[in-house]
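Structure first, then comments.
Since every read-out is calculated from the coordinates, none of them should be taken as a lab result. The structure presented is a predicted model; accordingly, all values stated were derived computationally and were not measured. All Cβ positions, even for glycine, are placed from backbone atoms using ideal geometry, and neighbour counts span all protein chains on display.
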Amino acid sequence: MAQALRFECQAGCTACCRQQGFVYLSEPDLRRIAEFLGVTPAAFEKQYVYRTRKRLRLRVPRASQCYFLGEAGCAIHPVKPAQCRIFPFWPELLESRREWRKTARYCPGMNQGPLVHIEVAREQAREMREAYPEMY
């Protein structure tokens, strides 16, 4: 595996937000976003969250991939879920060059910008595992 990777989020890019898939939440994510929106966690969950016994995830609206993604970008950017904040340093992308390259096809920030030491990236991957233990 590489000793370092390049990544720099590109201004105005929302390519990662527009991919098919779910945005998973941890309980702290849910509370932080609710507080940011000025609603109770219960009210936020009722409107925006799908809960199973093992996981929480944002509901997917009919017209877009995320309720919080608009023309100006992410409406909850300062408190976005760990999954969004940690991208692209997800465990599955760090553990597979093939998956990293595949994801880089739609993410213009991957392989761009300053070098990120592999241990820094792995620490973020560990944070992802801790935030969503049922996924890893």
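A few comments on the model shown:
- Pairs of alpha carbons in segment 1-49 whose separation is greater than 16 Å (percent): 60 percent
- The value obtained for the chain, namely the Cα convex hull volume divided by the number of residues, is 113 Å³ per residue.
- Long-range HN-HN contacts of Ala4 with modeled amide H, under 5 Å: Ile118
- Translational diffusion coefficient (Stokes-Einstein; Kirkwood radius from C-alpha pairs) of segment 13-89 at 37 °C, 0.692 mPa s, in µm²/s: 257 µm²/s
- Loop-located GluC sites (Glu not before Pro) in segment 36-136 (DSSP state other than H, G, I, E, B) with a sparse environment of at most 16 neighbouring Cβ atoms within 10 Å: Glu71, Glu95.
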